[in-house]
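**Q** Mind looking over this structure? Questions follow.
Please treat every number below as a calculation from the coordinates, not as lab data. No experiment lies behind these values; they were computed from the predicted model shown. Note that each Cβ is placed from the backbone with ideal geometry, even for glycine, and that neighbours are counted across all protein chains shown.
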Amino acid sequence: MTGIPIGVFDSGVGGLTVLRALRELMPAENFIYLGDTARLPYGTKSAETVVRYSLQCAAALIRRQVRCLVVACNTASASALDALRVNHPTLPVIGVIEPGAEAAVAASRSQHIAVIATEGTVGGGAYQTAIRRLNPSARVTSRACSLFVSMAEEGWTEGPIAEAVARRYLDPIFHSGDAPDTLVLGCTHFPALAAAIRAALPPEVIIVDSAATTAAAVLDRLHGACASPGVRGTVSWLATDGAARFARVGSAFLGETLHAEAIEIVDL
């Protein structure tokens with residue numbers, strides 16, 4: 001039993017889907033969330049820059065005495081996880097890619113798995129590598145769905161427009177003679193569009209939400225430890241720019257209202 005918080009960081013607000021899953025699974029835990037909003041998106045940056053930014057985010061959270069570090073960003077997980085673990089060998093560091101890959105391999109009957117993500121994540125091949133590390137014979141079909149990010153941040157997550165975009169992205173993958181049976185949502189923005197994505201898929205396709213699988217991995221790593229049962233944990237909010245926009249857009253991802261005055265602007 002401990003009140004020491006879990007640190008979570010992302011380049012912006014997408015990682016709030018991971019935080020939301022963490023709070024649903026571990027409601028009594030305390031969290032510190034850092035959105036590096038001054039320097040988003042990470043997906044367009046070089047790997048070296050993403051590593052540098054990620055180490056700076058981690059250092060800011062560690063100064064506030066966190067007991068676990070959750071990298072709630074696919075790009076940072078792909079580029080910086082090894083560096084974070086080398087620099088902080090005694091701290092549990094958990095990214096979003098490994099749990100998503102493990103869940104996909106476990107769920108897929110055919111071992112033909114689709115991954116949708118941003119262009120940077122798809123181009124870097126992190127999910128493909130993680131899935132094939134678990135099952136070398138697995139087949140991975142990937143597609144960049146970058147428009148989903150903008151739609152999620154605009155709040156266009158349901159209805160005819162969202163479903164039409166989802167079909168445009170997914171029909172070529174899932175309406176063919178040899179379609180995957182499992183889909184990984186490989187961007188933390190994408191769970192916000194889960195209803196539209198589901199509507200575009202054949203009903204038998206299994207969706208793997210990397211936010212939910214990451215939360216389960218954190219719980220497993222911490223051996224189910226929680227703060228006092230029955231007590232609702234707290235969240236401290238940090239951002240590097242734009243508290244008002246962080247609160248406005250982040251509220252949709254978190255599923256509850258954020259207030260700009262509760263967000264501390266920090267300089268990394």
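**Q** I'd like to know how region 97-210 sits against the 2.2 N^0.38 Å rule of thumb: what's its Cα Rg over that expected value?
**A** After normalising by residue count via 2.2 N^0.38 Å, the value is 0.98.
**Q** Would you list the P(r) distribution for the chain, with all Cα-Cα distances sorted into 5 Å bins from 0 and each bin expressed as a whole %?
**A** 1, 6, 14, 18, 20, 17, 12, 7, 3, 1, 0
**Q** What is the dipole size for region 104-194, taken about its Cα centre, with +1 at each Lys and Arg Cβ and -1 at each Asp and Glu Cβ, in debye to the nearest 20?
**A** Dipole about the Cα centre, nearest 20: 440 debye.
**Q** Kindly rank 25-33, 5-13, 206-214, 71-79 from highest to lowest mean number of other beta carbons found within 10 Å of each residue.
**A** 71-79, 5-13, 206-214, 25-33
**Q** Can I ask one more? Calculated FRET efficiency, Leu25 and Arg198, Cβ-Cβ r, R0 22 Å, to nearest 0.05?
**A** The value I calculate is 0.55.
**Q** Compare Glu158, Glu204, Glu24 in a GNM of the chain, Cα atoms joined below 10 Å, and give the one with the largest fluctuation.
**A** Fluctuation is largest for Glu204.
**Q** Then there is this: Quick one: Cα convex hull volume of region 1-75, Å³ per residue?
**A** 75
**Q** Relative to the longest principal Cα axis of the chain, at what angle does helix 16-25 sit, 0 to 90 degrees, rounded to 10?
**A** On a 0 to 90 degree scale, this one is about 80.
**Q** Right, next: Taking R0 as 25 Å, what's the FRET efficiency between Ala244 and Arg63 from their Cβ-Cβ distance, rounded to 0.05?
**A** 0.50
**Q** Okay, moving on. Gain in length, Asp220 to Arg52, computed as 0.36 nm per residue apart minus the alpha-carbon separation, to one decimal in nm?
**A** Between Asp220 and Arg52, full extension yields 57.7 nm more.
**Q** Still on this model: Loop only by DSSP, 13 or fewer other Cβ within 10 Å of the Cβ. Give me the trypsin sites (Lys or Arg not before Pro) in region 168-268 that pass, ordered by residue number.
**A** In loop regions of region 168-268 (DSSP not H, G, I, E or B), the sparsely surrounded trypsin sites (Lys or Arg not before Pro) are Arg232.
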